[in-house]
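Novice: Below is one structure. I have some questions about it.
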Amino acid sequence: MKKHLILLCVLAFSASLHVVAQSIRKQIESHPELSANNYLAYPAPSGKLTPAPSGYLPVYLSHYGRHGSRYLIHAQQYLRPIETLQRADSAGVLTNEGKEVLKKLRLMYTESYKRWGELTLLGAQQHQQIARRMYNRFPSVFRDSVWVDAKSTDVIRCILSMENELQELIRHNPRLRIRHDASAHDMYYMNQSDKKLSHQKDSSAVKNTIDEWAKRNIDTQPLMSRLFKDKEYVAKKVDASQLTFDLFSLASIVQNSEIRHSLSLYNLFTPEELYRLWQRSNAWWYLRYASAPQSGGNQPFSQRNLLRKIITDADSCLALPHPGATLRFGHDTMVMPLTCLLNLNNSDIRVSDIDSLVLKGWSSTRIVPMAANIQFVFYKNPKRPKDDVLVKVLLNEEEVTLPLPKTSTPYYYKWSDFKKYYLAKLNAYRG
């Protein structure tokens, strides 16, 4: 009887994993833009937040956020596929669909010319909207003339993201006192570089894992046949894998600029192709920035200085009568490992078989869209100042679980438990 129950449980668990995989596939089929992973334009949050325990009010907000929607970083990301298609067109081997794609790529190149990696109009709007929701959700944090301390990496798209949020906050409360800076002085925690961890994530083990998976799962020939008339030309003159990945990146990035209103490249791909390309990108993020064994299992600790800074800043601010807010603006390559270091929503998984990522529901799309952000919201009971300080964490403005002892209210954790757990985790790391 006991064995029978265990078997039923295993079967039920297996069935649930299958549903997770099918769910992601169906979501991409219905909404192709979800295949974009870190190129996904910031999705609007649900707006649902669990009320704080009786008597508690938000008093301080700490934040690390990615810049908003941008263009592709390098001109070559546009030019390489354009040149490949132009050569084929000159040779008379482009299909009508290939000619249409080339026309669209030229329009995209014109829009993005000399704006490589820069914030788009949509990116600016995303940060204005995030600030507006932040202010409306937690008005007691931004009341009167409290200080808002903001720092950015020294990359222009991050600086402009910061300024758009600050301008929106000032619009709602002109009395706010703002400090803002972007300096190499702060990069030891804002954009930490770790030679050992960088070497591990760039290792041959990581590259081989991705390449071997792609060879098994991504068939580029159907796409090539839709673009080119001559198979022999493709075999001799076209790097089919590179062109496929370039076109997928371009299809993904369109949603982040104003040209999204007039063209799309998603009709170039079948739903199955988009799903497979999403899987490859999802695995790339996991192998390089999460706890993948192939990259040493410790990549999230690249953000150890950032997490320590978040903790020490919070303690310093919470000692003040009106703490205000601390805002930080950087990159997806910080948000992803920080999310895993914190193990938000059980994101800190360790799997050897990257096919199992989908079965476990691990999705980089949900973690690092454009303008991705982590907010730490702190609560006190003003009538009972000796009561525990509570903290709630939002990932992309949605409540998440932490690996901490639960309180009577879901998503709210004791700040003392937070510090004890994460400082012990950081102190145990030997880099």
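Novice: Springs between alpha-carbon pairs under 10 angstrom, Gaussian network model over the chain: which of ARG216, ARG70, ARG87 fluctuates most?
Specialist: ARG216
Novice: Hey, another quick one. In deg cm²/dmol and to the nearest 500, what is the mean residue ellipticity at 222 nm of the chain if only DSSP H runs of at least 4 residues count, each as -39500 (n - 2.57), divided by the residue total? Each step should come with its number before you reach the end.
Specialist: Numbers: 17 runs with 215 residues, N = 431.
The helix contribution divided over the chain gives -15500 deg cm²/dmol.
Novice: So how far, in whole Å, is the C-alpha centre of region 24-79 from the one of region 350-426?
Specialist: 16 Å
Novice: Quick one: net charge around LEU341, please, counting Lys, Arg +1 and Asp, Glu -1 for every other residue with C-beta under 14 Å from its C-beta.
Specialist: Here the count lands on +3.
Novice: Using 0.36 nm per residue, how much length does the chain from ALA184 to LYS99 gain when fully extended, once their Cα-Cα distance is taken away?
Specialist: Result: 26.1 nm gained on full extension.
Novice: Under the rule a/c < 1.5 gives rounded, and otherwise a/b versus b/c splits prolate from oblate, where does region 207-316 land using the Cα gyration tensor? Show your work: numbers first, answer last.
Specialist: Details: a/c = 3.59, a/b = 1.79, b/c = 2.00.
It comes out oblate by the Cα gyration axes.
Novice: Where only protein heavy atoms count, and the probe is 1.4 Å, what is the accessible area per residue for the chain in Å²? Numbers along the way, then the final one.
Specialist: On the way: 19820 Å² over 431 residues.
Per-residue value: 46 Å².
Novice: Under a crude label model (7 Å from the Cα following the beta-carbon direction), how far is GLN27 from GLU232 in nanometres?
Specialist: 4.7 nm
Novice: Computed FRET efficiency, Cβ-Cβ of SER54 and LYS215, R0 60 Å: what is it to the nearest 0.05? Mind dumping the intermediate values first?
Specialist: Working: r = 58 Å, r/R0 = 0.96.
Given R0 = 60 Å and the Cβ-Cβ separation, E is 0.55.
Novice: Express the relative contact order of region 290-431 as a whole percentage, based on alpha carbon pairs under 8 Å and six or more residues apart in sequence. Can you show the working numbers first?
Specialist: On the way: 166 pairs, mean separation 29.9, N = 142.
Relative CO of region 290-431 lands at 21 percent.
Novice: Moving to a separate point now. Using the Cα centre of region 32-173 as origin and beta-carbon charges of +1 (Lys, Arg) and -1 (Asp, Glu), tell me which of ILE82, SER161, VAL59 is placed farthest towards the positive end of the dipole.
Specialist: ILE82
Novice: Based on Cβ point charges of +1 for Lys and Arg and -1 for Asp and Glu, what charge dipole magnitude is obtained for region 280-354 about its Cα centre, in debye rounded to the nearest 20?
Specialist: 160 debye
Novice: Only four residue types carry charge here, +1 at the Cβ of Lys and Arg and -1 at the Cβ of Asp and Glu. Report the dipole size of region 250-394 about the Cα centre in Debye, rounded to the nearest 20.
Specialist: Values: 16 positive and 11 negative charges, 104 e Å.
The calculated dipole for region 250-394 is roughly 500 debye.
Novice: Out of residues 5 or more away from SER152 or on other chains, whose amide H comes under 5 Å of its own, with H placed 1.01 Å from N in the peptide plane?
Specialist: Residues meeting the amide H criterion: ASP181, ALA182, SER183, PHE329.
Novice: Roughly speaking, what is the stretch gain from SER408 to SER145, that is 0.36 nm per residue apart minus the C-alpha to C-alpha distance, in nm to one decimal?
Specialist: So the chain would gain 91.4 nm between SER408 and SER145.
Novice: Moving on. With the Cα gyration tensor of region 258-362 giving a ≥ b ≥ c as the square roots of its eigenvalues, does the rule (a/c under 1.5 for rounded; else a/b larger than b/c for prolate; else oblate) give rounded, prolate or oblate?
Specialist: Values: a/c = 3.21, a/b = 1.53, b/c = 2.10.
Note, shape of region 258-362 comes out oblate.
Novice: The chain: longest stretch without exposed chymotrypsin sites (Phe, Trp or Tyr not before Pro) (DSSP loop, at most 13 other Cβ within 10 Å), sites themselves excluded?
Specialist: Details: sites that count: TYR113, TYR429.
That gives 114-428 as the longest site-free run.
Novice: Using +1 on the beta carbon of Lys and Arg, -1 on that of Asp and Glu, and nothing else charged, what's the dipole of the chain about the Cα centre, debye to 20?
Specialist: Working: 58 positive and 40 negative charges, 195 e Å.
Once rounded to the nearest 20, the dipole reads 940 debye.
Novice: Would you work out which of SER295, ASN267, ILE253 lies farthest towards the positive end of the dipole of region 238-309, given +1 charges on the beta-carbon of Lys and Arg and -1 on that of Asp and Glu, about the Cα centre?
Specialist: SER295
Novice: Shape verdict for region 183-268, please, from the Cα gyration tensor: rounded (a/c under 1.5), prolate (a/b greater than b/c) or oblate. If you can, show how the numbers build up before the last one.
Specialist: Numbers: a/c = 3.31, a/b = 1.47, b/c = 2.25.
Oblate, since a/c reaches 1.5 and b/c is not below a/b.
Novice: What is the extension gain from ASN427 to ARG133, computed as 0.36 nm multiplied by their sequence separation minus the C-alpha to C-alpha distance, in nm to one decimal? Present the calculation step by step, with values, prior to reporting the outcome.
Specialist: Details: separation 294, 0.36 × 294 = 105.84 nm, distance 3.52 nm.
That works out to 102.3 nm of additional length.
Novice: I'd like the distance between the alpha-carbon centres of region 114-179 and region 194-259, rounded to an integer number of Å.
Specialist: When both Cα centres are located, 35 Å separates them.
Novice: How much of the accessible area of region 151-307, in percent, comes from carbon and sulfur atoms when a 1.4 Å probe is used?
Specialist: Numbers: 3520 of 7200 Å².
Answer for region 151-307: carbon and sulfur cover 49 percent of the accessible area.
Novice: Compute the distance from the alpha-carbon center of region 81-99 to that of region 278-299, in whole Å.
Specialist: If you average the Cα positions of each part, the centres end up 35 Å apart.
Novice: Could you name the aspartates and glutamates whose alpha carbon sits less than 19 Å from that of LYS215, not counting residues in the same chain fewer than 8 places away?
Specialist: Of all the aspartates and glutamates, those that pass the test against LYS215 - Cα under 19 Å, at least 8 places apart if same chain - are ASP239, ASP246, GLU272, GLU273, ASP353, ASP355.
Novice: Further, regarding this structure: Simple spin-label model, 7 Å along Cα-to-Cβ: SER416 to TYR113 in nm?
Specialist: Going from the SER416 label point to the TYR113 one covers 6.4 nm.
Novice: So which of LYS26/LYS237; LYS201/LYS406; LYS309/LYS383; LYS151/LYS201; LYS26/LYS420 end up more than 32 Å apart by C-alpha? Intermediate values should be presented prior to the final figure.
Specialist: Values: LYS26/LYS237 35 Å; LYS201/LYS406 34 Å; LYS309/LYS383 29 Å; LYS151/LYS201 27 Å; LYS26/LYS420 41 Å.
The pairs that break the limit, which is 32 Å between Cα atoms, are LYS26/LYS237; LYS201/LYS406; LYS26/LYS420.
The values are calculated or read from the model by the stated rules, or taken from the named source; none is laboratory data. In this text the structure is predicted, and so the values were computed from the model without any measurement. Virtual Cβ from ideal backbone geometry, glycine too; neighbours counted across all protein chains shown. The area values use the complete protein model at the heavy-atom level, side chains included, leaving out ligands, DNA and RNA. Shrake-Rupley method; radii C 1.70, N 1.55, O 1.52, S 1.80 Å.
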